[in-house]
Amino acid sequence: MKPPAAGAALVVDGLDLRFGAVQALSELSFDVRSGELFAVIGPNGAGKSSLFNLLSRTYHPTRGRITYFGRDLLALRAHQLAGAGIARTFQNLGLFGPLTALDNVVIGRTSLGRSGIVSSGLRLPRARREDREHRAAALEALRTVGAADVADRPVGLLPYGVQKRVEIARALAMQPKLLLLDEPVAGMSRDERSSIAELVGRLNRERGITTMLVEHDMGVVMGLATRVLVLDFGRPVAIGTPAEIQANPEVIRAYLGETAELSR
C-alpha cells in the first residue's frame, strides 16, 4: 500500500475477511482523506457490504488493520462507534416505525448524553435540560434534510424517500466525523434519487463530513465522489477519480454487462 495521505480520516491496510472457505475480502488497502466523499462500487457479491460491516464493527477481519483518525478502529466495539464519531445508514431502513420522526432522530443523540440513568429516570433538572437540547438538535437535523414538517408524524407512515431523509437526519444528529451511507438511493424513483444525491453532496460540501458511500447507481456515484474504489470478488480492482474509473478497462471487464451504467 502507498503511504496514506496526510490527514487521512481512515486507513485500511492489508484487510482480509474469510468465512470458512469463502474469501469475502482479500488484500484490501486504501485510505479515505479527511473531508472527502469516497465511493465503493462493484458488482453484486464484490464485498462492499462486508467492508461496511467491518467498518461498523459487525465483523472482525481475519487479518489487517483499520485506523480511524490515528486510532485503532478494531479496538472499538459496535456500541462505541457513535461516541467515536462514526454514523451509518442502512440499505434497509433501521427506523422505529411507531415512533415519530423526531423521536427517531433523538435516539441518535443517545451517545452524546451526559445525564445518567437515575437522573433521566427521575427527570431531574439536568436531564430535562439535556432532553430539550437533544430535541432541538434533532429538529435542526430534520430541517437540514428537509423533513422538519413531518417531525411529529409516525415514521412508519411516511413515504420511503422521506424515511430515508429521517435516517440521514438521525445520523447527522450524532455529529459524526465519518458518515457511512449504504445505498442511500436504492429503491427510489428518479426524482427521489436526484434529491437525495443533492442532499448527500451538499452535506459533504457544507459540513465537511468525511463520507463513504456504497451505491449501485453509477450516475449518483460519478456525480458525487471525489474518488472511487472498485471491488470485484473481494479484491480491489482500481481506485481513482470518477473519470479514471470510467476509463479503466479492468473496471469495465469487472462489470461485464454493466458497462453502460458506468458511462452514465
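What the table shows:
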read-out	value
In segment 90-105, the residues that are surrounded by 15 or more Cβ atoms within 10 Å (Cβ to Cβ) and either closer than 21 Å to D13 by Cβ or at pLDDT below 95 (or both)	F90, Q91, L93, L95
Selection status of L112, surrounded by fewer than 19 Cβ atoms within 10 Å (Cβ to Cβ) and at pLDDT below 95	yes
Helices (runs of 4 or more DSSP H) lying entirely in segment 220-262 (those with 3 or more residues that are modelled with pLDDT under 95 and in contact with a strand residue (DSSP E or B) (Cβ under 8 Å, 6 or more places away or on another chain))	249-255
Cβ-Cβ under 8 Å pairs, at least 6 apart or on other chains, segment 60-78 side under 22 Å from Q23 (Cα atoms), far side open to solvent by 70 Å² or more (accessible area, probe 1.4 Å) and part of a loop (DSSP other than H, G, I, E, B)	L74/H60
Hits in segment 45-84 - residues which are open to solvent by 70 Å² or more (accessible area, probe 1.4 Å), in contact with a helix residue (DSSP H, G or I) (Cβ under 8 Å, 6 or more places away or on another chain) and among the hydrophobic types (A, V, I, L, M, F, W, C)	none
Identity of the residue in segment 144-196, among the acidic types (D, E) and assigned to a helix (DSSP H, G or I), that ends up least open to solvent (accessible area, probe 1.4 Å)	E167
Any chance M222 is over 28 Å from S111 (Cα atoms) and open to solvent by 10 Å² or more (accessible area, probe 1.4 Å)	yes
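The values are calculated or read from the model by the stated rules, or taken from the named source; none is laboratory data. In this text, all values refer to a predicted model and were calculated from it rather than measured experimentally. We place every Cβ from the backbone using ideal geometry, glycine too, and count neighbours over all the protein chains shown. What goes into the accessible areas is simple: the full protein's heavy atoms, side chains included, and nothing from ligands, DNA or RNA. Shrake-Rupley method; radii C 1.70, N 1.55, O 1.52, S 1.80 Å.
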